Amino acid sequence: MSNTFPLLDIKNLSVEFRTRSGVVKALEDVSLEVFRGEIVGIVGESGSGKSVSALTAMGILDPAGHVTAGSISLGGLDVLGAGEAVLQTMRGQQASMIFQSPRTSLNPIRTVGKQIGDVLHRHNMADRQNLREKVIKSLKTVRIPDPDRRFDAYPFELSGGMCQRIMIAMALACSPELLIADEPTTGLDVTTQAAIMDLIRDLSRERNMATVLITHDLAMAADYCDRIIVMHAGHVVESGSSHDLFTSPRHPYTAKLMKATPHGGGNLDDIASIPGGLPDLRGVLPPCRFSGRCERHEAICDSSAMISKEVSPNHFVNCQRPL
Amino acid sequence: MSALLEVFDLKKYYTLGGKGLSDGSLVSWIRNRFTNAPKDTQVLHAVDGVNFVISKGESLGLVGESGCGKSTLVGMLARLSDSTSGSIKFAGKDIGSVRAKQFHAEPERSELQIVFQDPHESLNPRFTAFDTIAEPLRRLAGLSSKAELRARVEAVATQVDLPLQLLGRFPHQLSGGQKARVNIARAIALSPKLLILDEPTSALDVSVQAVILKLLVRLKQELGMSYLFVSHDLNVVRLLCDRVIVMYLGQIVEEGPAEDIFTKPLHPYTRALTSAIPGHNKEDASAFRLEGDPLSPVDPNPNACRFYGRCPNGSELCIKAAPPKFSSSSDHYAVCHFPVQPH
């Protein structure tokens, strides 16, 4: 995998939000690569910059956000330099995104079939005659039972899991090469969550898509991702294969995050929360934004800039004093 | 252990096609939502004959997917809504016969409290943390002297590790973890005997979840409370609960000690549920995935298993006769014709 070039290549990306109460440094020096055929998880607490990274990659960053440094290349396309017309074609055909709370992402007053049809129509993948047929075909790929009848259903008539399937159908209608799933199963039942994640995994494998899974659930990332990127307060702190990361986390934050996640059996004493909260991203920040919560913090952490160390092949950690 | 809460054959039915919605639109809604809705839609069986007991000092977990009747059941137990039939006994007294609207006048109101889901939504945005915690003390304990009230609120805040300087703040000035503490403080202010916790940690970041869970365990010991713990997060239920009941479409399908439910599930639905927990996902877990949607809770066939159609063990018998109770031990049972055979 690593000998080909990555489909999504984010290099040294920094993003700031200008707000009334100051400049929020939401992302700083974020680099990540996603290759075809792999599922990459981005994990971290809320506010760690997971979604901002994804939105920037899709070219749909909020107008208050400004990219101050870095580059994003998606299949050779310079996302930050491209015009809106190019990006509109890119979104859907090359990259697609699904969001959390599918019910609010769908238009409540149009049938789901028509909404999927809009995507096909916009990208000239279907004409009037075969639109319905193509939409039903895409409903079938996301395993919606009785697709012919569901074409005419409104979002409120469908369950949450079913709505998320519609979102996936919509995202994949034009066979993109990259799928970004932002917390796709938040608010769904555990059985539905498993079914949706199985579906995303199977479709990515079938289509050899690059898939980015944004989640705060480490256990879920471990189950479905080939590689995991851990973010904290706008920094990438660690990245590596799921196996490496779970068997030997090297960044103190990753280790703490794992310790805070309840997993099957065990004892309540075995889990520990992470003290403190995310630092205020508006002020002057230390080179390592985890230093305020870190037990291994020493003088060197405040004096030297963050460096990415390759602790084992393809396992990177941004820490002065890794575990 | 003596029983604190005894629930016997509790039912909640809703008739459909009332005011506001024309019959036709509701029927079509239900048809789309559930695969097998019958033609003459009449009665929705939200909770359908539920029996269980919570002992003193015990924590009982309640799990099941959305729409299975968890919240309806919780509403009835907390005496916020009336049941259709059945009885609820609390410390020996039948509280199910008291109308929900009158329940606030009963002495049991202060002994049976609930922590609502999502502290961001359930705290009154115009109440400071102090007001929120003081409200039950004012209304139910009749504390009126300012000094007494302040002393009691501060004692409760200390109990939940809420810094006293935060008491003057409004919900929007508090973090998620702090709001969760206020929410818990309000519920324990009257030292209840039974605390119903409806998804207490689902809105919290994983980094603060652990402290809140530990707080709940500590409070339970300090105050000698019993818990009814409703949660989607099965890993959390496993950590906190002594026993677990599993609901499916208004009925209890399995009940047993927490460890047994997770390691030796009897009901095929419980197996599907536990094998879907993230982190347990081995490749063979996908064999237990559920297909399709649940059956309709509207006029269900009384002589059929409600899990039929999604159940890998299902056979013709399951739609001919209601499933019997199968016990693997004195405290572990499932309602199923073909329970999972332990390996």
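The values are calculated or read from the model by the stated rules, or taken from the named source; none is laboratory data. On a predicted model such as this, the values are computed, not experimentally measured, just so you know. Reconstructed Cβ throughout: ideal geometry from the backbone, glycine too, with neighbour counts over all protein chains shown. Please note that ligands, DNA and RNA were not included when accessible areas were found on the heavy atoms of the full protein model with its side chains. Shrake-Rupley method; radii C 1.70, N 1.55, O 1.52, S 1.80 Å.
Some notes on this structure:
- Scanning segment B:334-343 for residues that are of a type outside the set (A, V, I, L, M, F, W, C) and open to solvent by less than 70 Å² (accessible area, probe 1.4 Å) yields B:His337, B:Pro339.
- Yes/no for B:Ala187 being buried (at least 17 other Cβ atoms within 10 Å of the Cβ) and either within 14 Å of chain A (Cβ to nearest Cβ) or in contact with a strand residue (DSSP E or B) (Cβ under 7 Å, 6 or more places away or on another chain) (or both): yes
- Residue match in segment B:273-292 (condition: over 30 Å from B:Gly57 (Cα atoms), within 12 Å of chain A (Cβ to nearest Cβ) and in contact (Cβ under 8 Å) with a residue 40 or more places away in the chain): yes
- Some residue of segment A:251-274 being in contact with a Phe, Trp or Tyr (Cβ under 9 Å, 6 or more places away or on another chain) and farther than 22 Å from A:Asp223 by Cα: yes
- The set of residues in segment B:238-252 being touching a helix residue (DSSP H, G or I) at 6+ places or on another chain (Cβ under 7 Å) and either among the hydroxyl-bearing types (Ser, Thr, Tyr) or more than 9 Å from chain A (Cβ to nearest Cβ) (or both) consists of B:Cys241, B:Asp242, B:Arg243, B:Val244, B:Val246, B:Met247, B:Tyr248.
- Residue in segment A:166-177 that is over 25 Å from A:Ile10 (Cα atoms), crowded, with 19+ Cβ neighbours inside 10 Å, touching a residue at least 60 places away in the same chain (Cβ under 8 Å) and within 13 Å of chain B (Cβ to nearest Cβ) present: yes
- Condition check for A:Ile116: under 16 Å from A:Ala153 (Cα atoms) and open to solvent by less than 60 Å² (accessible area, probe 1.4 Å): yes
- Exactly one residue out of A:Gly70, A:Gly81 is on the phi > 0 side of the Ramachandran plot, more than 14 Å from chain B (Cβ to nearest Cβ) and not acidic (Asp, Glu): that is A:Gly70.
- Of everything in segment B:118-139 that is outside any helix (DSSP H, G or I) and farther than 18 Å from B:Ala189 by Cα, the residue that is modelled with the lowest pLDDT is B:Asp118.
- So B:Asp331, is it among the acidic types (Asp, Glu), open to solvent by 50 Å² or more (accessible area, probe 1.4 Å) and farther than 20 Å from B:Pro265 by Cα: no
- For the residues A:Gln115, A:Gln94, the requirement of being away from chain B (no Cβ under 14 Å) and over 30 Å from A:Leu218 (Cα atoms) singles out A:Gln115.
- Only one of the listed residues (B:Phe262, B:Phe307) is farther than 21 Å from B:Gly67 by Cα and either among the β-branched types (Val, Ile, Thr) or open to solvent by less than 40 Å² (accessible area, probe 1.4 Å) (or both). That residue is B:Phe262.
- When segment A:33-48 is filtered for residues that are open to solvent by less than 10 Å² (accessible area, probe 1.4 Å), more than 14 Å from chain B (Cβ to nearest Cβ) and not charged (D, E, K, R), the ones remaining, listed by number, are A:Val34, A:Val40, A:Ile42.
- Condition check for B:Lys179 on (1) touching a residue at least 40 places away in the same chain (Cβ under 8 Å); (2) crowded, with 16+ Cβ neighbours inside 10 Å; (3) over 26 Å from the mean Cα position of the chain (by Cα): one failure, at (3).
- Restricted to segment A:1-106, the set of helices (runs of 4 or more DSSP H) holding at least 3 residues that are more than 20 Å from A:Val237 (Cα to Cα) and of a type outside the set (S, T, N, Q) comprises A:84-93.
- Applying the criterion of being within 27 Å of the chain's Cα centre (by Cα) and hydrophobic (A, V, I, L, M, F, W, C) to the residues of segment B:311-325, the residue that is surrounded by the most Cβ atoms within 10 Å (Cβ to Cβ) is B:Cys311.
- Flag if B:Glu259 is outside any helix (DSSP H, G or I) and within 30 Å of A:Leu268 (Cβ to Cβ): no
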